[in-house]
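In what follows, a single structure is set out as structure tokens and then discussed.
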Amino acid sequence: MALVLGVVAGMEASGRAAEKPDIVVILADDLGWSDLGCYGGEIRTPVLDGLAAGGVRFTQFYNSARCCPTRASLLSGLYPHQAGVGSMTSDLGPGHPGYRGTLQPHCTTLAEVLGAAGYHTSMVGKWHLHNREGVKPTDRGFAEFYGMLGGYNSCWEEKPFYSRWPEGRAVREYTSAVAGKPGSFYATDVFADYAIDFMGEARRAGRPYFLYLAFNAPHFPLHAPESDIVKYEAMYFEKGWDVIREERMARVKALGLVPQDLKLPERSEVPAKSHAVPSPYAGKANPAWLTLPEERRRDLARRMAVYAAMVDRMDGAIGRVVADIRERGRMENTLIVFLSDNGACWEWDPYGFDGSSGPKNVLHAGDELRRLGQPGDYMSYGSGWANAGNTPWRLYKHFCHEGGIRTPMIMHWPAGLKERGGFRRDAGHVIDLMPTLVAAAGAKYPEERFGVRVRPMEGRGLLSGGDAVRPGLLCFEHEGSRAVREGDWKLVSLKGDRWELYELGSDPNEMRDLAKTEPGRVKAMAAQWEAWAARCGVEYEGKRSGGEEVKDSPRVAGKPLVVRLTVEGAAGDGVILAQGGREHGYALHVSGGRVHFTVRRDGKAEAIAAAREGEDFAVTARLGADGAMELQVGSGAVVRGQAGGLIAVQPKDGLSVGEDTGSAVGDYAAPFPLKAKVSGVSVKTGDE
Ligand SMILES: [Ca+2]
Ligand SMILES: [Ca+2]
């Protein structure tokens, strides 16, 4: 009734729309599940702990595993691929509607919906949904923006990374004082300055406001003021990640966030399959803290201390925003939401990285340690600490296991929520924010946007709820990691791997894989995931025909090969699969109604071809130890040839499916893309 009055009766004497809450959505970047005090962490976060104590914490809330897809999903109320951001900001073209790298015309945003309901709309912080003309925050419903249009960069340098939109708006002076210097730039503090400005603008205009405050903390490069780092450095050196994991485990139980009989899993593995970098730890568990030499432990303790300082400082910035709301007497009727866009970041092994996200790591010692976190430095803290950050869940950001997708989630709204410090134990997802905010604001979700039909919301409102099992499915896919959850059952896989099955009610941290004992359930849930993927425009990477290069290409030098795959819907010509180019490599392509198998050695190509039947067919191609070539398409006869030997050198161009990246292996002009679905790709090397 109150909401109806707010919409229909319009304004109070003050000019303010009656009854509508102010709304602040706060997003952290790469924050682990148990980093906050109110989620079991040792990092000091009194402000967020206070919001949790006066509101509600969700124990099973999900994001979409990575920056861009979560932001697209949160803002649109759709699954990321539906919104056009199935991966990151690369645009794969109109043939790949789920992978356009930015929000598409057929989705709306929280800002557009709330703006249409009379809200003043502003955004401060990290956008990461592309900076092209026409897709910036101010093109997608936010009247004011200050922050970072891209994904990540220094917290210490404003130019060229941070900007104010619309163009021509005045740039303010900063209140932040770092190292005793007033007016200095530190992104987290400056975000609070702008947030307070924008809330003030809305009040002066007599309008309720929607503020989206998306911190780039604690994403790498890890940067924080020294005064905050020193609070943590000695403690992390003394305790290390093993003690921290145990302490967090005890606290998440004491807080009632997880079942009392839950066991702390082994340290998570350092994933090998998606590892861009050779590391001695790839495919193995993170090492025990005390097995590391003291110098390494000091280096890693400093890295974690900088990370903790970023979180600590972010809590302080949120504190300034909350204090401003409180001073105006608006805490009662302001809906504040806090969550993280993905789990803690493991890139790419236990030692972290320096310079950029890649293979370089520097062991800093002595006075050099003080440089970590300061202007000019660029580093991250690695998989050992990320594992502690996600306690008690497995794996990390990027993946669809719980450590990648489960986020802390706090809602605080005394006027609208019954909870005061309680929990919601039913599963939630970032797609739920749209229906929640639409309901809270008395807004209307549109059917059309500039004449384009808008897809219906995928989520469900969060203004009421409790312990009951969420009906329906929650589905996930990011760069080949997949999951589907129905009730307490969860089917999940790493990229290119088989499905794992868990019953999260009794096994929330995915320790007992039931896939072998419940094959029927695996099959049924896999079919549900496939149907969701087809409905939402997911192109599973193992199948994508868009021609993405496969990471960790097979080592083929000097080895016999067996390539197997299935092609579906091949209407024309193009490359099915290729590894290598003009010097060395092998490829399968379709041309003139035939499938060609090419092996190129030292620049010289040998090819054989077999007729295909129809648009769907399986292919098996072999290169034997003696250079013998075989090709079989569908149930046709095996065609034979002779390459003259094995491919002696590992090709420079990686394995690509659906096109030939770089230079061409076969007799065609690269990339020669194939319009078809290529699935079940297997490249076996060696004698088998
Ligand atoms: Ca992130
Ligand atoms: Ca190539």
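I'd like the full set of residues that are within 30 Å of Ala52 (Cβ to Cβ) and either among the charged types (D, E, K, R) or not assigned by TED's automatic domain parsing to the domain that holds Leu395 (or both), limited to segment 334-360. If the condition is that a residue be within 30 Å of Ala52 (Cβ to Cβ) and either among the charged types (D, E, K, R) or not assigned by TED's automatic domain parsing to the domain that holds Leu395 (or both), then Asp341, Glu347 are the ones that fit.
So is Arg564 of a type outside the set (Gly, Ala, Ser) and surrounded by fewer than 20 Cβ atoms within 10 Å (Cβ to Cβ) or not?
Numbers: of a type outside the set (Gly, Ala, Ser): yes; surrounded by fewer than 20 Cβ atoms within 10 Å (Cβ to Cβ): yes.
Spelling it out, Arg564 is indeed of a type outside the set (Gly, Ala, Ser) and surrounded by fewer than 20 Cβ atoms within 10 Å (Cβ to Cβ).
Scanning segment 456-485 for residues that are farther than 29 Å from Gly416 by Cβ and without any contact (Cβ under 8 Å) to a residue 60 or more places away in the chain turns up just one, Val484.
So which of Asp242, Asp299, Asp261 is assigned by TED's automatic domain parsing to the domain that holds Tyr174 and surrounded by 21 or more Cβ atoms within 10 Å (Cβ to Cβ)?
Asp299
Is it fair to say Asp426 is in contact with a Gly (Cβ under 6 Å, 6 or more places away or on another chain), in the same structural domain as Pro97 (by TED's automatic domain parsing) and either in a loop (DSSP other than H, G, I, E, B) or free of Cβ contacts under 8 Å to residues at least 12 places away in the same chain (or both)?
On the way: in contact with a Gly (Cβ under 6 Å, 6 or more places away or on another chain): yes; in the same structural domain as Pro97 (by TED's automatic domain parsing): yes; either in a loop (DSSP other than H, G, I, E, B) or free of Cβ contacts under 8 Å to residues at least 12 places away in the same chain (or both): yes.
In short, yes.
Only one entry in Gly451, Gly421 is at positive phi, free of Cβ contacts under 8 Å to residues at least 40 places away in the same chain and more than 27 Å from the chain's Cα centre (by Cα), namely Gly451.
Here is a yes/no grid of residues against (1) of a type in the set (Asp, Glu); (2) within 22 Å of the chain's Cα centre (by Cα); (3) surrounded by fewer than 24 Cβ atoms within 10 Å (Cβ to Cβ):
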{"position": "Thr175", "(1), (2), (3)": "no, no, yes"}
{"position": "Ile196", "(1), (2), (3)": "no, no, yes"}
{"position": "Phe210", "(1), (2), (3)": "no, no, no"}
{"position": "Asn216", "(1), (2), (3)": "no, yes, no"}
{"position": "His223", "(1), (2), (3)": "no, yes, no"}
{"position": "Glu226", "(1), (2), (3)": "yes, no, yes"}
{"position": "Lys231", "(1), (2), (3)": "no, no, yes"}
{"position": "Ala282", "(1), (2), (3)": "no, yes, yes"}
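For segment 222-231, name all the residues that are in contact with a helix residue (DSSP H, G or I) (Cβ under 6 Å, 6 or more places away or on another chain) and either part of a loop (DSSP other than H, G, I, E, B) or not assigned by TED's automatic domain parsing to the domain that holds Arg302 (or both).
In the first step, residues of segment 222-231 are kept if they are in contact with a helix residue (DSSP H, G or I) (Cβ under 6 Å, 6 or more places away or on another chain); the result is 222, 224, 228-229.
Scanning segment 222-231 gives Leu222, Ala224.
Taken together, Leu437, Leu474, Leu433, Leu395 contain a single residue that is crowded, with 18+ Cβ neighbours inside 10 Å, within 23 Å of the chain's Cα centre (by Cα), assigned to a loop (DSSP other than H, G, I, E, B) and away from ligand 2 (no atom under 16 Å from the Cβ), which is Leu395. So which residues in segment 281-335 are part of a helix (DSSP H, G or I) and over 24 Å from His223 (Cα atoms), if there are any at all? Those that are part of a helix (DSSP H, G or I) and over 24 Å from His223 (Cα atoms): Leu290, Thr291, Ala323, Asp324, Ile325, Arg326, Glu327. Of all the criteria given as (1) at pLDDT 95 or above; (2) surrounded by fewer than 23 Cβ atoms within 10 Å (Cβ to Cβ); (3) assigned to a loop (DSSP other than H, G, I, E, B), the one not satisfied by Ala53 is (3).
For segment 382-392, a residue qualifies if it is part of a loop (DSSP other than H, G, I, E, B), closer than 25 Å to Asp354 by Cα and not polar (S, T, N, Q), and exactly one does: Gly382. For segment 412-422, the condition of being at pLDDT 95 or above and under 30 Å from Lys263 (Cα atoms) holds for at least one residue. Looking at this structure, is Ala254 more than 16 Å from ligand 2 (Cβ to nearest atom) and buried (at least 21 other Cβ atoms within 10 Å of the Cβ)? When the stated conditions are applied, Ala254 does not pass them. Look at (1) buried (at least 18 other Cβ atoms within 10 Å of the Cβ); (2) touching a helix residue (DSSP H, G or I) at 6+ places or on another chain (Cβ under 7 Å) and you find that Ser383 fails only one, number (2). If only residues of segment 256-282 that are hydroxyl-bearing (Ser, Thr, Tyr) and out of contact with any Leu (no Cβ under 6 Å at 6 or more places or on another chain) are counted, the one that is modelled with the highest pLDDT is Tyr281. Taken together, Gln82, Gln104 contain a single residue that is surrounded by fewer than 24 Cβ atoms within 10 Å (Cβ to Cβ), within 24 Å of Trp127 (Cα to Cα), modelled with pLDDT of 95 or more and more than 13 Å from the chain's Cα centre (by Cα), which is Gln104. Scanning segment 446-461 for residues that are in a loop (DSSP other than H, G, I, E, B) and β-branched (Val, Ile, Thr) turns up just one, Val454. Among the conditions (1) at pLDDT below 90; (2) more than 8 Å from ligand 2 (Cβ to nearest atom); (3) more than 27 Å from the chain's Cα centre (by Cα), the only one that Ser679 does not satisfy is (3).
Could we say that Gly624 is in contact (Cβ under 8 Å) with a residue 60 or more places away in the chain, more than 15 Å from ligand 2 (Cβ to nearest atom) and in contact with a Pro (Cβ under 8 Å, 6 or more places away or on another chain) here? Steps first, please.
Working: in contact (Cβ under 8 Å) with a residue 60 or more places away in the chain: yes; more than 15 Å from ligand 2 (Cβ to nearest atom): yes; in contact with a Pro (Cβ under 8 Å, 6 or more places away or on another chain): yes.
So Gly624 fits the description; yes.
For Val469, the criteria (1) surrounded by fewer than 20 Cβ atoms within 10 Å (Cβ to Cβ); (2) in contact with a helix residue (DSSP H, G or I) (Cβ under 7 Å, 6 or more places away or on another chain); (3) of a type in the set (Val, Ile, Thr) hold in every case but one, which is (2). The residue of segment 348-364 that is nearest to ligand 1 (Cβ to nearest atom), among those that are on the phi < 0 side of the Ramachandran plot and touching a helix residue (DSSP H, G or I) at 6+ places or on another chain (Cβ under 8 Å), is Trp348.
Within segment 56-104, the set of residues being away from ligand 1 (no atom under 16 Å from the Cβ) and either of a type in the set (Phe, Trp, Tyr) or assigned to a helix (DSSP H, G or I) (or both) comprises Phe58, Ser76, Tyr79, His81, Gln82, Ala83, Tyr99.
The values are calculated or read from the model by the stated rules, or taken from the named source; none is laboratory data. Not measured: the values here are computed from a predicted model. Reconstructed Cβ throughout: ideal geometry from the backbone, glycine too, with neighbour counts over all protein chains shown.
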